[in-house]
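Q: What follows is a single structure, and I will ask about it in a moment.
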2 protein chains.
Amino acid sequence: MANAATRPKTALNQGFSASLALADEEVAALLDLKTTSRTIRRGQEIVSEGRRCSTLSVITEGIAIRYRILRDGQRQILNFLLPGDFAGLTSCFFETALYSIRAITPTIIFQIPFTAVVELLDQHPGLAAGLFRLFASEAAIRAEHLIGIGRLPGLERVAHFLLELLARLRAKGLADERSYGLPLTREVISDALGMSVRNVNRVLQQLRTAGLVRIEDHVVVIENIEELSVLADFEHGYLRPLAIAELAGERG
Amino acid sequence: MANAATRPKTALNQGFSASLALADEEVAALLDLKTTSRTIRRGQEIVSEGRRCSTLSVITEGIAIRYRILRDGQRQILNFLLPGDFAGLTSCFFETALYSIRAITPTIIFQIPFTAVVELLDQHPGLAAGLFRLFASEAAIRAEHLIGIGRLPGLERVAHFLLELLARLRAKGLADERSYGLPLTREVISDALGMSVRNVNRVLQQLRTAGLVRIEDHVVVIENIEELSVLADFEHGYLRPLAIAELAGERG
DNA sequence: CGATCTGTTGACGGGTTTCAACCTACGTGG
DNA sequence: CCACGTAGGTTGAAACCCGTCAACAGATCG
């Protein structure tokens, strides 16, 4: 545990500004809260389904997944949380957390009591605007996810998924131009895309043989972005919501 | 076209308070805006994918769907918009609308320029809280939708879908205890659930034969809610987010 | 009254799932 | 330093759910 103020602010600012486009003023206000930083081991839970969640966690390092375990033991991964994303924001609105969140890499989070965030909203209306933008962004990502699972065959579905992760990670400076390090097991991919492990493997081999994608030792390499984007019909416009400030005033 | 002030406020208030839990003050502020009411015919578009959307539409009567048409002509319905829901809120955050919205029944909407909503946010912080709650609610519905498409076989998927609609409509006083009127064609159901029309028909017949659900002449009748809920593993907790006011203070 | 929409059903095929076996890598403990 | 257990990857065969195609009927509508 370390007080937020003791950590370098630059890294956090980058994370916030990239995902929220908050003004410096709001970032400072968030940091002045009595936040605590926690280190999460790979595989550890951050939010547990069925338990009350009144703390908002901001991920500053590492990757986490939000998921539900069904009656029969199946798992559906709802989304991937990257640095700058909020874990537990939606959970705070319900009696009990609807989904679990688990780190799939070593992860560092800042915890902020939800009540403190609510109080802050009154003082900094700009924070609300930033949160709206975050919600809009997540809603769009979730919608594309839904389309992929609902209507795309396995090959296109995996292709779209890997491209989206590339784009999201690149936007945060966490990926090279066409590759990124991530411990994506076949099981994780299958649970995210509503497929079986067997089929994910089949598809990945097709993509590998076609010279489009290679996953080796926890590193995803997109070998042919153009062709893969065509295959998956991937447009990344949905990843970039506008800030409210841009929308309110005249826009260029 | 009619000015909002000329319409009876009670009906609108009901719609807002049910979905947003706004204070009367905020409702009045929204109504004082230069809103215009529009009547939409069945099948007409409210928002068009690819076109700039800078107007927020509040549905006061009728049902609409939000969807995407894929390259190959397939359609994926993302969600159903009921009275009290906002059409185009997410679209306002992007250069161009990512999805289309189309009425599937005769529909009445109130249109509010997005800039006016943004201005209102500064004056009425409570409005932001209400919008957050709305976002949280939609996020939960979308997540359950994703789980259904990703991991549930056809029978359970349709069952869950029909139960969710019942619960949502009942919450707005638009359904009886176990039935509701809605022009749900097989095609609409299949496009919402990522299935083929053929399979929807197969499944609906199974449900009908089992004495669980009957769809006749645009009316859905859940004949055995308990059994169907068990089949679909349906819990409706996700449909009721808490208001921020409840969360901020001590809760009973 | 023809055109279109919607519902229904049968036959067929294919994409996926299921099940299973085998393999490598890795970590831990004897 | 090897033994063993576990996690993750790979692959084949069979079954099956589901999608595709097609045909037909009733309803609605201009």
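The values are calculated or read from the model by the stated rules, or taken from the named source; none is laboratory data. Quantities reported herein were computed from a predicted structural model and do not represent experimental measurements. For neighbour counting, all protein chains shown are included, and Cβ atoms are generated from backbone atoms with ideal geometry for every residue, glycine included.
Q: For the stretch A:129-248, list the helices (runs of 4 or more DSSP H) that sit wholly inside it and hold at least 2 residues that are within 14 Å of DNA strand D (Cβ to nearest atom); which are they?
A: By residue number, A:154-171, A:186-193, A:197-209.
Q: Is there any pair with a first residue in the stretch B:236-247 that is more than 8 Å from chain A (Cβ to nearest Cβ) and a second that is among the aliphatic types (A, V, I, L, M) and assigned to a loop (DSSP other than H, G, I, E, B) whose Cβ atoms are under 6 Å apart and which are 6 or more apart or on different chains, and what are they?
A: Taking only residues 6 or more apart or on different chains, the pairs are B:A243/B:A21.
Q: Which residue out of A:Q76, A:Q111 is at pLDDT 90 or above and within 16 Å of DNA strand C (Cβ to nearest atom)?
A: Details: A:Q111 fails: within 16 Å of DNA strand C (Cβ to nearest atom).
On inspection, the qualifying residue turns out to be A:Q76.
Q: Okay, moving on. Which ones in the stretch A:187-209 are among the aliphatic types (A, V, I, L, M) and surrounded by 15 or more Cβ atoms within 10 Å (Cβ to Cβ)?
A: Listed by number, the residues that qualify are A:V188, A:I189, A:A192, A:L193, A:M195, A:V200, A:V203, A:L204, A:L207.
Q: OK, next. When you check B:A116 against the structure, is it among the hydrophobic types (A, V, I, L, M, F, W, C), within 7 Å of chain A (Cβ to nearest Cβ) and touching a residue at least 40 places away in the same chain (Cβ under 8 Å), yes or no? Write out each step before concluding.
A: Numbers: among the hydrophobic types (A, V, I, L, M, F, W, C): yes; within 7 Å of chain A (Cβ to nearest Cβ): no; touching a residue at least 40 places away in the same chain (Cβ under 8 Å): yes.
The answer is no for B:A116.
Q: If B:V200 satisfies every condition in (1) without any contact (Cβ under 8 Å) to a residue 40 or more places away in the chain; (2) closer than 30 Å to B:R68 by Cβ; (3) within 10 Å of DNA strand C (Cβ to nearest atom) but one, which is the exception?
A: (1)
Q: Only one of these conditions is not met by A:I77: (1) surrounded by fewer than 23 Cβ atoms within 10 Å (Cβ to Cβ); (2) of a type in the set (A, V, I, L, M); (3) more than 24 Å from A:T36 (Cβ to Cβ). Which number is it?
A: In the conditions (1) surrounded by fewer than 23 Cβ atoms within 10 Å (Cβ to Cβ); (2) of a type in the set (A, V, I, L, M); (3) more than 24 Å from A:T36 (Cβ to Cβ), A:I77 misses (1) alone.
Q: May I pose another question? Within the stretch A:80-106, how many residues are aromatic (F, W, Y) and more than 14 Å from B:A139 (Cβ to Cβ)?
A: Of the stretch A:80-106, the ones aromatic (F, W, Y) are A:80, A:86, A:93-94, A:99.
Okay, now just the ones that are also more than 14 Å from B:A139 (Cβ to Cβ), so A:80.
So the answer is 1.
Q: Collect the residues in the stretch A:205-223 that are within 12 Å of DNA strand C (Cβ to nearest atom) and in contact (Cβ under 8 Å) with a residue 12 or more places away in the chain, keeping them in residue-number order. Working first, answer last.
A: Just the residues of the stretch A:205-223 that are within 12 Å of DNA strand C (Cβ to nearest atom), to begin with: A:206, A:216-218.
Residues satisfying the conditions are A:Q206, A:H218.
Q: Another question, if that's okay. Do you know which of the residues in the stretch A:75-92 that are within 12 Å of chain B (Cβ to nearest Cβ) and free of Cβ contacts under 8 Å to residues at least 60 places away in the same chain is nearest to the chain's Cα centre (by Cα)? Before you say what the answer is, go through the steps one by one.
A: Applying the first criterion (within 12 Å of chain B (Cβ to nearest Cβ)) to the stretch A:75-92 yields A:75-79, A:86, A:88-92.
With the extra rule that they be free of Cβ contacts under 8 Å to residues at least 60 places away in the same chain, the set shrinks to A:86, A:88-92.
Details: A:F86: 8, A:G88: 12, A:L89: 13, A:T90: 14, A:S91: 15, A:C92: 18 Å.
If we take residues in the stretch A:75-92 being within 12 Å of chain B (Cβ to nearest Cβ) and free of Cβ contacts under 8 Å to residues at least 60 places away in the same chain, then A:F86 is nearest to the chain's Cα centre (by Cα).
Q: Anything in the stretch A:57-74 that is surrounded by 21 or more Cβ atoms within 10 Å (Cβ to Cβ) and among the hydrophobic types (A, V, I, L, M, F, W, C)? List them, or say none.
A: Answer for the stretch A:57-74, where residues must be surrounded by 21 or more Cβ atoms within 10 Å (Cβ to Cβ) and among the hydrophobic types (A, V, I, L, M, F, W, C): A:V58, A:I59, A:I63, A:A64.
Q: Considering (1) surrounded by fewer than 18 Cβ atoms within 10 Å (Cβ to Cβ); (2) in contact with a strand residue (DSSP E or B) (Cβ under 8 Å, 6 or more places away or on another chain); (3) within 9 Å of chain A (Cβ to nearest Cβ), say which one B:E95 fails and leave the rest.
A: So B:E95 meets the others, but not (2).
Q: Those residues that are within 15 Å of DNA strand C (Cβ to nearest atom) and surrounded by fewer than 19 Cβ atoms within 10 Å (Cβ to Cβ), I need them from the stretch B:154-186; list them, please.
A: Passing the criteria: B:G154, B:L155, B:G181, B:P183, B:T185, B:R186.
Q: Right, another one. Pairs please, first residue from the stretch B:175-196 and closer than 21 Å to B:R142 by Cα and away from chain A (no Cβ under 14 Å), second anywhere and within 11 Å of DNA strand C (Cβ to nearest atom) and in a helix (DSSP H, G or I), Cβ atoms under 8 Å, 6+ apart in sequence or on different chains.
A: From the stretch B:175-196, the pairs are B:R186/B:V197; B:R186/B:V200; B:R186/B:N201; B:R186/B:L204.
Q: Another question, then. Of the residues A:A175, A:A192, A:A210, A:A171, only one is more than 24 Å from B:G154 (Cα to Cα), touching a Gly at 6+ places or on another chain (Cβ under 9 Å) and of a type in the set (G, A, S); which?
A: Only one candidate qualifies: A:A175.
Q: Taking the stretch B:35-59, which residues are part of a loop (DSSP other than H, G, I, E, B) and within 11 Å of B:T107 (Cα to Cα)?
A: Residues satisfying the conditions are B:R41, B:R42, B:G43, B:Q44.
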